[in-house]
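Structure, as structure tokens:
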Amino acid sequence: MKTIEINKEKCVRCGLCISDCLTSCIEFDKDNFPYMKNEENCISCEHCMTICPTGALSFNHKNPDESEPVNYYDILSLIKSRRSIRQYKDEEISAETFDKLKSMLSYVPTGCNAHSLHFSIVETKSAMDVIRNKVNENVLKALSYKALSPIADKFEKYKKGFEEGKDIIFRGAPHMIVASSSIKAPCALEDPVIALSYLELYAQHLGLGTCWCGFAEMCLKFFPEICDMLEIPSGYKPVYVMLLGIPAVKYQRTPQPEPFKFAEIKEIHQKDSCFFCKAKRLVTNFIR
Ligand SMILES: Cc1cc2nc3c(=O)[nH]c(=O)nc-3n(C[C@H](O)[C@H](O)[C@H](O)COP(=O)(O)O)c2cc1C
């Protein structure tokens with residue numbers, strides 16, 4: 001059950017919780033207070049609670065006053081304050097800032113120190129628009145002519161948005177970074193993701209906004225001409241995409257996510273697993 005509760009004395013009815021909701025779960029009620037309309041779409045990201053300027057919104061009974069203030073300077077606070085940004089200013093990032101990001105990237109760890117990464121950095125809005133338009137055009141074609149193409153299947157539920165010209169994939173971001181790795185690299189799938197994780201934190205420390213973009217990653221795989229536009233060298237595989245820009249939104253507090261599962265191992269309890277248990281474990285280990 002996903003709920004939001006509004007403190008009507010504090011709520012200024014600005015609608016930031018509504019405009020920042022990834023899955024459009026929240027709407028205004030008849031008195032212009034936000035309410036949870038589509039609970040089933042909610043992914044518990046808590047953007048609604050963390051963006052509220054007055055601390056009027058509680059997600060799942062969590063008290064917004066128990067969140068920490070946003071802080072992009074101390075490392076732990078930065079990790080807690082990091083958010084996916086989906087609303088960007090119509091401005092480009094400066095060349096000096098790009099230089100800072102690029103020089104940081106040389107320090108990221110790679111498996112066996114292979115260092116065989118390639119970054120395609122879309123540094124201008126005009127170049128980004130060419131890619132945005134081409135990808136959106138291809139998705140629209142796939143949606144209208146090739147109902148059976150795997151990409152059409154993935155985007156079917158956003159069809160209306162694409163037809164209305166909404167930037168479902170790139171969220172109006174003025175830049176993006178695509179991390180690719182040599183197919184010969186020992187950790188070809190891990191290295192780019194590690195690099196982008198470092199980049200995300202450093203970028204947010206510098207006041208930038210980022211968003212991992214699985215949708216764009218999918219499109220790169222299906223539309224090889226986009227890889228050419230991004231100058232991805234042959235023998236390199238695009239692994240992940242990060243959107244980048246100057247945020248048009250400001251978060252006030254950190255989320256209060258549910259903890260993961262931990263095995264707190266202080267001593268080893270040896271068990272003799274049966275053949276079937278071992279086989280099941282092996283299958284699980286090698287799935288995907
Ligand atoms: C691997 C990965 C792929 C993602 N792909 C997308 C995407 O295609 N579009 C998008 O808007 N957000 C995407 N996200 C962002 C997640 O939706 C986001 O991390 C989640 O909602 C939690 O919000 P937060 O990052 O602000 O804490 C992606 C995140 C990850 C880690």
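The values are calculated or read from the model by the stated rules, or taken from the named source; none is laboratory data. Please read all numbers here as calculations on a predicted model, not as lab measurements. Quick reminder, even Gly has a Cβ in these numbers, built from the backbone with ideal geometry, and neighbours come from all protein chains shown. Accessible surface is based on the protein model in full, side chains and every heavy atom, while ligands, DNA and RNA are left aside. Shrake-Rupley method; radii C 1.70, N 1.55, O 1.52, S 1.80 Å.
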>> Give me the net charge for the shell around Arg86: Cβ to Cβ below 15 angstrom, other residues only, Lys and Arg +1, Asp and Glu -1.
In response: +2
> How far apart, in nm, are the 7 Å Cα→Cβ label points at Tyr198 and Leu22?
Replying inline: 2.5
>> Per residue of segment 208-215, what does 6.51 cos²θ - 1.76 cosθ + 1.60 with θ = phi - 60° give for ³J(HN,Hα)? Whole Hz please, x for Gly and Pro, Karplus curve as stated.
In response: 8, x, 9, 8, 4, 10, x, 4
>> Sort 278-287, 88-97 by the packing proxy (mean of other Cβ within 10 Å over each peptide's residues), most packed first.
In response: 88-97, 278-287
>> Taking every alpha carbon pair in the chain, what does the distance histogram look like in 5 angstrom bins from 0, in percent?
In response: 1, 5, 10, 12, 14, 15, 14, 12, 9, 5, 2, 1, 0
> In nm², what is the average projected area of the convex hull enclosing the Cα atoms of segment 4-66?
Replying inline: 3.8
>> Cut-off under 22 Å on the C-alpha distance; same-chain residues fewer than 8 positions from Lys8 excluded. Which lysines are left, in chain and number order?
In response: Lys30, Lys37, Lys62, Lys250
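Taking only DSSP H segments of four or more residues, each worth -39500 (n - 2.57), what value at 222 nm results for the chain once the sum is divided by all its residues, to the nearest 500 deg cm²/dmol?
About -10000 deg cm²/dmol.
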>> No solvent, one uniform scatterer per C-alpha: report log10 I(q)/I(0) for segment 77-245 via the Debye equation at q = 0.12, 0.13, 0.18 1/Å, two decimals.
In response: -0.55, -0.64, -1.17
>> On the Cα set of segment 173-254, report Rg and Dmax in Å, please.
In response: 13.8, 44
> Taking a probe of 1.4 Å, how large is the accessible area per residue of the chain, in Å²?
Replying inline: 59
> Once phi is turned into ³J(HN,Hα) by the Karplus curve 6.51 cos²θ - 1.76 cosθ + 1.60 with θ = phi - 60°, what whole-Hz value does each residue of segment 273-288 show in order, with x for glycine and proline?
Replying inline: 6, 6, 4, 5, 5, 5, 5, 4, 4, 5, 4, 4, 4, 9, 5, 6
> What does the charge add up to near His205, with Lys and Arg as +1, Asp and Glu as -1, over the other residues with Cβ less than 14 Å from its Cβ?
Replying inline: +2
> Summing Lys, Arg as +1 and Asp, Glu as -1, what charge do residues with Cβ under 11 Å from the Cβ of Ser120 carry, Ser120 excluded?
Replying inline: -3
